[in-house]
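Each remark here refers to the structure printed beneath this line.
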Amino acid sequence: MNKTKGFEKNAGFFSVVLCVTMLLPAVSFASNLDKLKTYFLNAKYDEAIKEGENILSRQGYSRDMDELYYLLGLSYLKVGNFLRASDIFEIILREFKESGFKAEAKLGLGDTYFLRGNFTEAEQQYQEILDKFPEANLKAALYFRLNQIAVKKGDTQQAQNYAERLKQECPLSPEVRIDKDIVLADFFYTVQVGSFSKSLNAQNLVKKLKTKGYAAYLEKFESAKKTNFRVRVGKVNSRKEAEALVKKLALEGYPTKIFP
């Protein structure tokens, strides 16, 4: 009888020890994830990456690790490692079928393409979010990005359409409040024909172009290292008009570049 009670007592003790032992990795993971979050929220992205990669090397695969992957992907995106960020976002989409971060991961994946200049693939990713995740609270971010892609492609009408959708459907979003002047501005094309370090040289060229009947003007651009005075011609509504202006100016020997 005493032996039986002793056995039951030992079995109970070992059960408690086993439960505690099994909980330790989960507690450790949560603690390390909180540490990664702190690094990320304080814009210490290199430290966040180091912490995240250390967790992955110790933890292995787990269904609860999608948040870790997402923060790690964002950190790589912040430091400009777009290929690694892309790989991580794709892991979330491929391996974590029920993840609550799928829409955000797809947005991050689209951003890696956008920042690499692959606007066609970025646009496809953003459109898929609108189609597949209509419940996700990402509409403002998507309209803003699609607006910027349209600008990059020279599709002024499409850019204006997305700007209006952003303004009408998400009037209180940060994209409207913070970037209002950029997103909702009237779009136009102009042709640059010169850039000078001295204002006088730029002014002389503007005068010369105006005597020839061109709508020339000067814009001042300042950076941390220097100031440039750029001479531009025209503010037209379509890229086709800008290209016609380029041909005309090029025939007169001016170097040309269309903006935006």
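The values are calculated or read from the model by the stated rules, or taken from the named source; none is laboratory data. Here the structure is a predicted model, which is why all the values come from computation and not from measurement. All Cβ positions, even for glycine, are placed from backbone atoms using ideal geometry, and neighbour counts span all protein chains on display.
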Conditions (1) closer than 20 Å to LEU74 by Cβ; (2) out of contact with any Gly (no Cβ under 9 Å at 6 or more places or on another chain); (3) modelled with pLDDT of 90 or more -> LEU130 fails only (1)
Residue hits (the range 69-87; aliphatic (A, V, I, L, M) and either free of Cβ contacts under 8 Å to residues at least 12 places away in the same chain or part of a helix (DSSP H, G or I) (or both)) are LEU71, LEU72, LEU74, LEU77, LEU83, ALA85
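State all residues of the range 112-147 that are among the polar types (S, T, N, Q), surrounded by fewer than 20 Cβ atoms within 10 Å (Cβ to Cβ) and part of a helix (DSSP H, G or I); if no residue qualifies, say none.
Let us first name the residues in the range 112-147 that are among the polar types (S, T, N, Q), namely 112, 118, 120, 124-125, 127, 137, 147.
Adding the requirement that they be surrounded by fewer than 20 Cβ atoms within 10 Å (Cβ to Cβ) leaves 118, 120, 124, 127, 137.
Selection gives THR120, GLN124, GLN127.
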